[in-house]
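The values are calculated or read from the model by the stated rules, or taken from the named source; none is laboratory data. Computed from a prediction, not measured in an experiment: that's the story for all the values here. Quick reminder, even Gly has a Cβ in these numbers, built from the backbone with ideal geometry, and neighbours come from all protein chains shown.
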Amino acid sequence: MRIKSAYIILLALLLFAQEISAQKSEDYRLIVGVAKFTANNVKQERFASMVSERVLDILNQQNRFQIIDLDGSARQQAIIKSQENYKSKNWIEANKSISAEYTLTGVLTSIKFIRLNAGKGYKATITYTIKIINTESGEIIQNGTATFSSSKSEIKLTPESALQSAIQTTIEPLSKYFSTSFPIKLNLVRIEKEKKGKAVNVLLDGGSKIGATLNSKFEAYFIDNSLGKPLPKFIGKVKIIRVLSEDFSEAKVTDGGKEILKYFTESKKIICKSINNEK
């Protein structure tokens, strides 16, 4: 009888450990679908993939997103070229039944090539526009439209390499655009202060590296995994009062302190999503 009881307890512990492990491995980063880029000039359509490839590189570098390459071509190019910024853990197969929270589109509005050095070299200029759309509502999010133009590109031997140089000059502002335009999702990892059964201050697992700033406001969600799929339930609000480092911030609970403390004490997953840059 004792052996049977011990076996049941051991089995229960194993099942509990598996559940905790599954929750820890669950990826709650923003899911962004990248649509096929187009061009205003049909003759320049063939250059659209060069731009979308670099855009996907920048999304990968930030490591804040799960990416669905809705067209599939840019991801394949990244794999073939074994690019430094390619990270397989950031990709979701386009044929899986996972909906993107946001959809990113791009349009090439202008590309020009200038022949130099008696036709032995080229310079290029490029202008393109990026839009970020809330997939569910179909609305462009706040700061969700931006236009980027090249500057001070280098002289290259071919038009293609000249265009790559031109695109490269837009990377820094593009990276800043992604950092400030997309909502931020952070895990609530610790209760820093509690009072009278309520969470007062909490620790979030994101800092300056992903664009967290002083006074940024977040909605807190308990993630219910009991149905086999993550179901977010709103439980409160927090506001960043200190950016501690590149990786952590301290936030003050402004609403729902009792619920936040309850679910955290029960080892439930709590996600905080920024609300500053949503319409």
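What the table below lists for this structure:
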item: Search result, residues across the range 122-139 that are touching a residue at least 24 places away in the same chain (Cβ under 8 Å) and farther than 23 Å from Asn41 by Cβ; result: Ile132, Ile133, Asn134, Thr135, Glu136, Glu139
item: Odd one out for Lys152 among (1) of a type in the set (Lys, Arg); (2) modelled with pLDDT of 85 or more; (3) within 14 Å of Ile114 (Cα to Cα); (4) surrounded by fewer than 15 Cβ atoms within 10 Å (Cβ to Cβ); result: (2)
item: Condition met for Phe234 (outside the structural domain of Ser149 (by TED's automatic domain parsing) and buried (at least 18 other Cβ atoms within 10 Å of the Cβ)); result: no
item: Pairs where the first residue, in the range 256-273, is acidic (Asp, Glu) and the second is crowded, with 17+ Cβ neighbours inside 10 Å, C-beta under 7 Å, 6+ apart; result: Glu259/Ile235; Glu259/Gly236
item: Test result for Phe218, loosely packed, with under 15 Cβ neighbours inside 10 Å and either part of a strand (DSSP E or B) or in contact with a Pro (Cβ under 8 Å, 6 or more places away or on another chain) (or both); result: no
item: Matching residues in the range 115-136 - criterion: being within 14 Å of Ser52 (Cβ to Cβ) and surrounded by fewer than 19 Cβ atoms within 10 Å (Cβ to Cβ); result: Thr129, Lys131
item: Flag for Arg54 being modelled with pLDDT of 60 or more, farther than 21 Å from Ser274 by Cβ, basic (Lys, Arg) and loosely packed, with under 12 Cβ neighbours inside 10 Å; result: no
item: Tyr177, sole failed condition from (1) hydroxyl-bearing (Ser, Thr, Tyr); (2) in a helix (DSSP H, G or I); (3) surrounded by fewer than 15 Cβ atoms within 10 Å (Cβ to Cβ); result: (3)
item: Test: residue in the range 197-211 that is acidic (Asp, Glu) and in contact with a Ser or Thr (Cβ under 7 Å, 6 or more places away or on another chain); result: no
item: Test: residue in the range 168-189 that is of a type in the set (Lys, Arg) and free of Cβ contacts under 8 Å to residues at least 12 places away in the same chain; result: yes
item: Filter result (of a type in the set (Gly, Ala, Ser) and within 30 Å of Val34 (Cα to Cα)) within the range 107-122; result: Ser110
item: Where a residue in the range 34-54 is in contact (Cβ under 8 Å) with a residue 40 or more places away in the chain and its partner, wherever it lies, is exposed (fewer than 14 other Cβ atoms within 10 Å of the Cβ), with Cβ under 6 Å and at least six apart; result: none
item: From the options Ile141, Ile191, residue that is part of a strand (DSSP E or B), more than 23 Å from Lys262 (Cβ to Cβ) and either basic (Lys, Arg) or touching a strand residue (DSSP E or B) at 6+ places or on another chain (Cβ under 9 Å) (or both); result: Ile141
